Amino acid sequence: MIIVIDFGSQFNQLIARRVRENGVYCQVEPTDISIEKIRKMNPVGIILSGGPSSIYEKDSPSIDKSIFDLGIPVLGICYGMHFMVHALGGSIKRAEKREYGFAQLIVKEKKPLFTDMDNQFQCWMSHGDSAKELPKGFVVTASTENTKVAAIANHDKKFYGLQLHPEVEHSVNGSLMIKHFLFDVCGCEKNWTMKSFSDGAIAQIKDAVGDKKVIMGLSGGVDSSVAATLIHKAIGKNLYCIFVDNGLLRQNERKNLEESLTTHLDMNIKFVDAKQMFLTALKDVTDPETKRKIIGNLFIEVFDAEAKKIDGAQFLGQGTLYPDIIESKSAFGGPTSIIKSHHNVGGLPERMNLKLIEPLQLLFKDEVRKLGLELGINEDLIWRQPFPGPGLAIRIMGNITEERLNILRRADTILLEEIRAAGFYRKLWQSFAVLLPIKSVGVMGDKRTFGNCIAIRAVTSNDAMTADWAKLPHDLLGKISNRISNEVDNINRVVLDITSKPPGTIEWE
Ligand code: XMP
């Protein structure tokens, strides 16, 4: 296994992901991990992540320096490289010019990290500090225009440093650098698969839960279904699932879910109809965060009431994924980066005095899908596009009424029918209709109309942390537009959202 030391970079889970993509098991560990624990874990290599601090700052993160005496390879990335340089007797300086964004990496020594790469290629940088004097035994292996020391190596000790971020997709050859570190430097074996993850997770759940009961909210989406299946495999009938119909679901969703969940997953599932309660609470609410809070709180209330009926439950299962966690809390615990309050993270456990079981919390969506297939879950369910907890409420700009919900449902059904028929459903991360709060003038059958407007939102993404607007064929867009304006009462205009994330988010609210 490989240990990734977390110096606070928002990308440290991406590092872990790049390692696992190569079939190598890795774990992200905090800086206060003891050297004894590291020894016990017996890693074949250590990666020191980047981080927001500067090495000479008071309280900058640090780890026991004897990791450099373990006799195993170490790769330091950005702050991790500064830490390595500083710890081994070199020095760091504030760079004259902060380097952020793309840069051209000029390679001086190819082996081992830059093997089979061009002499020059694009990389992605984000740093203020850089290495000044290198410790004994190190050489510079690559530079950029601004940063002389962009990569370093001590070949004897197998210590390597990268100022660039190989873990982000913007760095050409980044994954290949990590691959070379894993296989050529550390001699890793490719033996970590979703099967081994799933076996490990099931054993851990069994161990943690014993013969106690777990309750869990199901949304019908892939995350909660996979998490529930995993927990079900571990504890069987001691898992009690609850599905809350909040009235904000898509057309036929409840029926489809009922069928697919009960047919494919042989579990205890209770369906609760709370439609009226949600619609009443949302009457005349237009502010996005207020909507989210109301839905989140009400969900907790309904769920809490149902859960109380299950005697002796001590655990709450959740299908939380890694992107949910970093977007809901700041990666560094600060207040600034809260983007949206996701209704499925936090809240429930404190109130209900339950311990959390979140078996997917270190996985990204594509990994969860692989895991779901491994667990034998039906492909239709696995390939469902994500649907947000607050449902159609955050796709209706402005007032949520039964009538507006029905308009959106019809438009959304048409959109999805056409996307599926054209073979795009699985290629897109999400595709859906949004009902706008404006009306515009149109003409139909020689008559003036003054109707509502639908926006088409379709994006591609790997993990929802970033997304591109999908370049759908014009004839498909034309067909969707035609059908929506002809078949849905009160819609006389259809527009296309061509915003990526960032700066937009995928959902409109
Ligand atoms: P945004 O709009 O933040 O969405 O770019 C990223 C991904 O998360 C989904 N999403 C949610 N999922 N509860 C959820 O379970 C929520 O409150 C929520 N809000 C957004 C969204 O559909 C997209 O896939």
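The values are calculated or read from the model by the stated rules, or taken from the named source; none is laboratory data. Only a predicted model underlies this, so the values are computations on that prediction, with no experimental measurement involved. Cβ placement follows ideal geometry from the backbone for every residue including glycine, while neighbour counts extend to all protein chains displayed. Areas reflect the complete protein model, heavy atoms only, side chains present, ligands, DNA and RNA absent. Shrake-Rupley method; radii C 1.70, N 1.55, O 1.52, S 1.80 Å.
Which residue is nearest to the chain's Cα centre (by Cα), if the candidates are limited to the range 374-418 and must be surrounded by 21 or more Cβ atoms within 10 Å (Cβ to Cβ) and without any contact (Cβ under 8 Å) to a residue 60 or more places away in the chain? Of everything passing the filter in the range 374-418, Ile396 is nearest to the chain's Cα centre (by Cα). Every condition in (1) at pLDDT 95 or above; (2) within 16 Å of the ligand (Cβ to nearest atom) is met by Val441 except one, and the failing one is (2). Ser224 satisfies every condition listed in (1) among the hydroxyl-bearing types (Ser, Thr, Tyr); (2) within 16 Å of the ligand (Cβ to nearest atom); (3) surrounded by fewer than 21 Cβ atoms within 10 Å (Cβ to Cβ) except (3). Can you give me the number of residues within the range 495-509 that are free of Cβ contacts under 8 Å to residues at least 40 places away in the same chain and closer than 19 Å to Gly391 by Cα? Here the count works out to 1. Listed by first and then second residue, the pairs linking a residue in the range 9-29 that is on the phi > 0 side of the Ramachandran plot to a residue that is in a loop (DSSP other than H, G, I, E, B), with Cβ atoms under 6 Å apart and 6 or more places separating them unless they lie on different chains, are Gly23/Lys190; Gly23/Trp192. The set of residues from the range 118-145 being open to solvent by less than 50 Å² (accessible area, probe 1.4 Å), part of a strand (DSSP E or B) and either among the aliphatic types (A, V, I, L, M) or farther than 9 Å from Gln104 by Cα (or both) comprises Met125, Ser126, His127, Gly128, Asp129, Ser130, Ala131, Val140, Thr141, Ala142. Would you be able to say whether some residue in the range 73-84 is open to solvent by less than 10 Å² (accessible area, probe 1.4 Å), more than 24 Å from Cys188 (Cα to Cα) and among the hydroxyl-bearing types (Ser, Thr, Tyr)? Yes, the range 73-84 contains at least one residue that is open to solvent by less than 10 Å² (accessible area, probe 1.4 Å), more than 24 Å from Cys188 (Cα to Cα) and among the hydroxyl-bearing types (Ser, Thr, Tyr).
Per the listing Lys40, Lys97, the residue uniquely part of a strand (DSSP E or B) and of a type outside the set (Gly, Ala, Ser) is Lys97. Only a single criterion out of (1) away from the ligand (no atom under 16 Å from the Cβ); (2) open to solvent by 40 Å² or more (accessible area, probe 1.4 Å) is not satisfied by Trp469, namely (1). One residue stands out in the range 382-424 among those that are small (Gly, Ala, Ser) and part of a helix (DSSP H, G or I): the one that is farthest from the ligand (Cβ to nearest atom), namely Ala421. Going by the conditions given, is Lys427 of a type in the set (Lys, Arg) and within 16 Å of the ligand (Cβ to nearest atom)? Yes.
Can you name the residue in the range 449-466 that is open to solvent by less than 10 Å² (accessible area, probe 1.4 Å) and within 16 Å of the ligand (Cβ to nearest atom) and is also farthest from Lys439 (Cα to Cα) among such residues? Filtering the range 449-466 for residues that are open to solvent by less than 10 Å² (accessible area, probe 1.4 Å) and within 16 Å of the ligand (Cβ to nearest atom), the one farthest from Lys439 (Cα to Cα) comes out as Val459.
Taking the range 420-434 as the range and being within 19 Å of Asn462 (Cα to Cα) and hydrophobic (A, V, I, L, M, F, W, C) as the test, the residues that pass are Phe424, Leu428, Trp429, Phe432.
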